[in-house]
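Scroll down for the structure; my scribbles are underneath it.
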Amino acid sequence: MRDLTRPARLAPGARVAVVAPSGPVPEERLQAGLDVLRGWDLDPVVAPHVLDRHDTFDYLAGADADRAADLQAAWCDPSVDAVLCARGGYGVQRMTDLLDWEAMRAAGPKVFVGFSDITALHEAFATRLGLVTLHGPMAAGIDFLKNARAQEHLKATLFAPDTVRVIASGGTPLVPGRARGVTLGGCLALLAAELGTPHARPSARGGLLCLEDVGEETYRLDRYLTQLLRAGWLDGVGGVLLGSWHECEPYERLRPMLADRLGGLGVPVVEDFGFGHCAGALTVPFGVTAELDADAGTLTLDRPALR
């Protein structure tokens with residue numbers, strides 16, 4: 001696994017496009033998110049279908065083809081410096097194969113931000129575009145709208161990435177030690193679901209794997225991890241960072257399963273690292289070489305996330 005291409009950092013006045021590749025977006029939250037972005041001296045533009053609702057499936061933000069067209073048009077627009085997802089939910093896997101990846105590669109690198117269901121796009125942007133992406137708060141997300149830590153960490157990453165070379169979470173070691181590798185990961189359920197698809201990487205070998213999830217019972221999380229283990233996807237991973245498990249079972253029930261499934265890898269594992277579906281979620285870049293210190297609860301990037 002190697003370092004990926006870093007997009008340019010944002011500057012005041014940068015144009016950012018907001019897209020909805022997954023679930024439906026509440027209009028009032030979208031408007032509040034746009035106000036935050038304008039307060040950062042950015043120029044947000046909303047893709048045409050962001051507020052759509054699918055005619056049949058109310059869990060989708062409009063038709064697959066329209067969601068894909070919004071993302072592709074935003075990415076290929078030379079006036080757009082960054083693409084921010086409005087929210088997660090479900091739907092990315094339905095539209096990823098509709099994107100023209102050659103056209104998106106030709107458009108060049110730019111900033112991409114999202115998490116949760118957007119994990120499938122993080123994987124695709126890595127494998128198809130070779131691009132660093134940001135696992136961070138989304139424009140219509142509650143954390144982005146209400147939590148100062150989440151806002152400020154994302155803002156610093158976008159505008160002054162040199163200031164967040166060390167991501168200090170206060171996390172604790174599930175398995176102690178240090179490890180180096182290239183960051184990757186996201187929502188555990190999506191990583192398991194991506195196995196065998198055209199845009200998934202063949203393994204996490206050489207990586208520092210970030211894992212989190214939301215609203216899952218322990219046996220389901222066990223199943224996802226077991227699937228990744230049985231598929232050999234975790235062979236050679238350098239270390240593991242565990243984020244939030246919001247609305248999952250109590251952590252004292254979840255923790256023994258994580259230790260059981262991940263302890264045998266023989267690599268450092270840090271828990272409670274503060275990214276994902278949690279209040280004050282930290283922004284973690286994917287595709288950069290870093291050092292994990294599980295004992296100190298830190299991730300130190302070799303280079304800033306954005307150039």
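The values are calculated or read from the model by the stated rules, or taken from the named source; none is laboratory data. Only a predicted model underlies this, so the values are computations on that prediction, with no experimental measurement involved. Here Cβ is always computed from backbone atoms with ideal geometry, including for glycine, and neighbour counts include all displayed protein chains. Areas reflect the complete protein model, heavy atoms only, side chains present, ligands, DNA and RNA absent. Shrake-Rupley method; radii C 1.70, N 1.55, O 1.52, S 1.80 Å.
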How would region 69-192 be classified by its alpha-carbon gyration tensor: rounded, prolate or oblate, with rounded meaning a/c under 1.5 and the a/b versus b/c comparison settling the rest?
prolate
Using a 1.4 angstrom probe on the protein heavy atoms only, line up LEU299, LEU145 by accessible area, largest first.
LEU145, LEU299
Apply 1/(1 + (r/R0)^6) to the Cβ-Cβ distance of ALA73 and TYR251, taking R0 = 51 Å, and write down the FRET efficiency to the nearest 0.05.
0.75
I'd like the orientation of helix 218-230 relative to the chain: the angle between its Cα long axis and the longest Cα principal axis, in ° from 0 to 90, rounded to 10.
80
Region 9-96 accessible area per residue, 1.4 Å probe, protein heavy atoms, integer Å², reads 41
As a test of the formula, what do you get for the chain when each DSSP H run with n ≥ 4 contributes -39,500 (n - 2.57) and the sum is divided by the residue count, at 222 nm and rounded to the nearest 500 deg cm²/dmol?
-8500 deg cm²/dmol
Compute the distance in nm between two label points, each set 7 Å from the Cα along the Cα-to-Cβ direction, one at TYR219 and one at ASP43.
5.5
Stretch GLU27-ARG53 to full length: gain in nm at 0.36 nm per residue minus the Cα-Cα span?
8.2 nm
So how tilted is helix 251-262 from the main axis of the chain? Cα-based, degrees 0 to 90, rounded to 10.
80
Full extension from ARG201 to ARG307: what is 0.36 nm times the residue separation minus their Cα-Cα distance, to one decimal in nm?
35.7 nm
Can you check what the net charge comes to around THR96, using other residues whose Cβ is under 12 Å from the Cβ of THR96 (Lys, Arg +1; Asp, Glu -1)?
-3
Accessible surface of SER116 in the full protein assembly, 1.4 angstrom probe, to the nearest 10 Å²?
10
Take the Cβ-Cβ distance between ARG105 and LEU229 as r, set R0 to 51 Å, and report the resulting FRET efficiency rounded to the nearest 0.05.
0.95
Sequence of GLU252, GLU212 when ordered by accessible area, the most exposed leading, probe 1.4 angstrom
GLU252, GLU212
What trypsin sites (Lys or Arg not before Pro) in region 171-234 are in a loop by DSSP, with at most 16 other Cβ atoms within 10 Å of the Cβ?
ARG205
Helix 148-159 axis, angle to the chain major axis (alpha carbon atoms, nearest 10°):
70
For the chain, state what percent of all Cα-Cα pairs lands in each successive 20 Å bin, counting from 0 Å until the bin that includes the largest distance.
37, 59, 4
